[in-house]
Amino acid sequence: MSKETNQSWGGRFNEPVDAFVARFTASVDFDKRLYKHDIMGSIAHAKMLAEVGVLTNIERDAIIEGLNQIQQEIEAGAFEWRVDLEDVHMNIEAKLTERIGVTGKKLHTGRSRNDQVATDIRLWLRDEITRIQSEVIRLQQGILDLAEREADTIMPGFTHLQTAQPVTFGHHLLAWFEMLSRDYERLVDCRKRVNRMPLGSAALAGTTYPIDRLVTCKLLDFEAVSGNSLDGVSDRDFAIEFCNVASLIMMHLSRFSEELVLWTSAQFRFIDLPDRFCTGSSIMPQKKNPDVPELIRGKTGRVYGDLMGLLTLMKGQPLAYNKDNQEDKEPLFDAVDTVADSLRAFADMVPAIQARRENMREAALRGFSTATDLADYLVRKGLPFRDCHEIVGHAVRYGVENNKDLAEMSLAELRQFSDKIDNDVFAVLTLEGSVNARNHLGGTAPTQVKQAIKRNKELLAKA
């Protein structure tokens, strides 16, 4: 390391870097979270170098022991991070050299910070995806438990936020489950492309040393080695892909949040959220605000921003590595932190939701939610569906004018619109009759809801 420039690369420079430029270009303040994975990669690299004869076994062991001591020091909070050493990699390497002497300088043989950082990020993101997957499963388990409790609870289903047809609360919750299932599948697929090793690409063109990348790949539990050194150091598709998956997860959580916000309002009163997930007002004593869902709804936008930031970062870069890529970490870190915290909040909150069943049922009785059931009833009596649609439309208009739901009308009133209507119509017009009639795979009938819960619990048990 040059004493004049205090930089690992300072040999060809005649003066030190400007103090402001040093701070401006440093990344250690945010990339130090990669320390564990940087050390993991360095240990694997040292083992491989010893296996191919570039390091002796004594040198390998000294490096590994030194790196393990550094990790302990970092985790104990005793490590001094230096901005003048730019990043996590050079801070650790400098401390290693200070600790074990010249052997520490040999660790970087056959690699560059370009392939080193690309490896570190992939190792870190791989672990974070696993953590996020566990939170998705925990949330799904909470949804299934709540859906099981509310499999028979009738509520209005909505389109255009207008009353459409009766469903059960359990059935509605299973729609959330399905969205998360797709999110989980995307995480699994994304992780496959994250789990490819760029180490060995060096700066951009590989290395002249007799490295064995397959050894390092196995030690680090990567699924495959990157096939091109130029692409290996400059590819950030995996980070963009993760942020895309994270954006979809946040979009789903935002939709869930919007419903929780509506359902807790005095206008709906469908559910209660525990006090520990809400806050009050500094001026209005009666307020109980659903701050957790509201905040998650708001945080969705920042994850979208992380995705757009990474796409914009990469769109104009020529091959191979460019300093621009230092800007990949903060949006990626932010997306990971935000989606993980949001999932954790939901996984904690959902099992504690209390349904206000009577309010849900009362809402389902408003808005002519069984109108489609009456049309289907007339179809079964032999009339074309379009004629049935018109007949029921006239009946609904009558109900609006007289403030009567279809189920509240007498047989004589209903027969004004079609002489095909008979006493058996009232079984069709009940909320239970409507919900139970949809007794097919994916339907609203409580028997179908319970079967879906059972199937999904079995799937989660295998995940």
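The values are calculated or read from the model by the stated rules, or taken from the named source; none is laboratory data. Note that the structure is predicted; figures quoted are calculated from it, not measured. Neighbour counts are summed over all protein chains in view; Cβ atoms, including those assigned to glycine, are modelled from backbone coordinates with ideal geometry. Side chains included, ligands, DNA and RNA excluded: accessible areas come from the protein's heavy atoms. Shrake-Rupley method; radii C 1.70, N 1.55, O 1.52, S 1.80 Å.
Dipole magnitude for the stretch 196-316: about 320 debye, using +1 per Lys or Arg Cβ and -1 per Asp or Glu Cβ, origin at the Cα centre. With 24 Å as the limit on Cα-Cα distance, the pairs of K95/K218; K218/K329; K218/K457; K47/K95; K36/K105 that go past it are K95/K218; K218/K329; K218/K457. Principal-axis analysis of the Cα atoms of the chain puts helix 329-349 at an angle of about 40° to the longest axis. For G157, the amide hydrogen comes within under 5 Å of the amide hydrogens of A164, Q165, V167, counting only partners 5 or more places away or on other chains and with H modelled in the peptide plane.
Under a 1.4 Å probe, what is the accessible area of the stretch 148-287 per residue, stated in Å²? Intermediate results must be reported in sequence, preceding the final value.
Working: 6590 Å² over 140 residues.
So the stretch 148-287 comes to 47 Å² accessible per residue, rounded to a whole number.
Phi angles across the stretch 160-171 convert, under the Karplus curve 6.51 cos²θ - 1.76 cosθ + 1.60 with θ = phi - 60°, into 3J(HN,Hα) values of 6, 6, 10, 4, 10, 9, x, 9, 9, 4, x, 5 Hz, Gly and Pro given as x. The slack between D152 and L230, meaning 0.36 nm per residue of separation minus the straight C-alpha distance, is 22.2 nm. Treating each Cα of the stretch 357-462 as one equal point scatterer and applying the Debye formula with no solvent, the log10 of I(q)/I(0) at q = 0.11 Å⁻¹ comes out as -0.42. Relative to the longest principal axis of the Cα atoms of the chain, the long axis of helix 385-402 makes an angle of roughly 80 degrees.
The solvent-accessible area of L319, taken with every protein chain present and a 1.4 Å probe, is close to 130 Å². Here the extension length gained between N403 and L311 equals 27.6 nm, from 0.36 nm per residue of separation less the Cα-Cα distance.
Summed over qualifying helices (DSSP H, 4 residues or more, each -39500 (n - 2.57)) and divided by its residue number, the chain shows a 222 nm mean residue ellipticity of -19500 deg cm²/dmol. Once both labels are positioned 7 Å from their Cα atoms along Cα-to-Cβ, the gap between R33 and E330 label points is 1.3 nm.
Taking 0.36 nm per residue of separation and subtracting the Cα-Cα distance, what length does fully extending S134 through D237 add?
On the way: separation 103, 0.36 × 103 = 37.08 nm, distance 2.34 nm.
Length gained between S134 and D237: 34.7 nm.
Extending 7 Å from the Cα toward the beta-carbon at both S282 and Q69 defines two label points whose distance is 5.3 nm.
For T25, T447, the ranking by accessible surface with the largest value first comes to T447, T25, using a 1.4 Å probe.
Charge dipole of the chain (Cα centre as origin; +1 on each Lys and Arg Cβ, -1 on each Asp and Glu Cβ, all else neutral): 520 debye, rounded to the nearest 20. For the stretch 15-159, a crude dipole built from +1 on the beta carbon of Lys and Arg and -1 on the beta carbon of Asp and Glu, taken about the Cα centre, is about 360 debye to the nearest 20. Students often get this wrong: which residues of the stretch 322-359 have the backbone nitrogen under 14 Å from the point 7 angstrom along Cα-to-C-beta of D272? Under 14 Å, as judged by backbone N against the label point of D272, lie 352-359 of the stretch 322-359. Note down the accessible area of D84, probe 1.4 Å, to the nearest 10 Å². Counting only protein heavy atoms, D84 exposes about 50 Å² to solvent. Ranking F270, I249, S282 by how far each Cα lies toward the positive end of the dipole of the stretch 246-353 (charges on Cβ) leaves F270 at the top. Centroid-to-centroid, using Cα positions, the stretch 390-425 and the stretch 332-366 are 38 Å apart. Projected label points at L319 and D387, each 7 Å from Cα along the beta carbon direction, are separated by 7.0 nanometres. 3J(HN,Hα) along the stretch 182-199: 5, 4, 5, 4, 5, 5, 4, 5, 4, 4, 4, 7, 5, 8, 10, 9, x, 4 Hz, from the Karplus curve 6.51 cos²θ - 1.76 cosθ + 1.60 with θ = phi - 60°, whole Hz, x for Gly and Pro. In the context of the full protein assembly, S181 retains an accessible surface of approximately 30 Å², using a probe radius of 1.4 Å and ignoring ligands and nucleic acids.
Largest accessible area first, the listed residues L49, L411 line up as L411, L49 when surface is computed with a 1.4 Å probe on the assembled protein chains. Of the listed values [x] 0.98; [y] 1.16; [z] 1.02, grab the one calculated as Rg/Rh (Cα atoms, Kirkwood Rh) from the structure here. Computed from the coordinates, Rg/Rh (Cα atoms, Kirkwood Rh) corresponds to [y]. Heavy-atom surface analysis with a 1.4 Å probe gives the stretch 372-418 a carbon and sulfur content of 50 percent of its accessible area.
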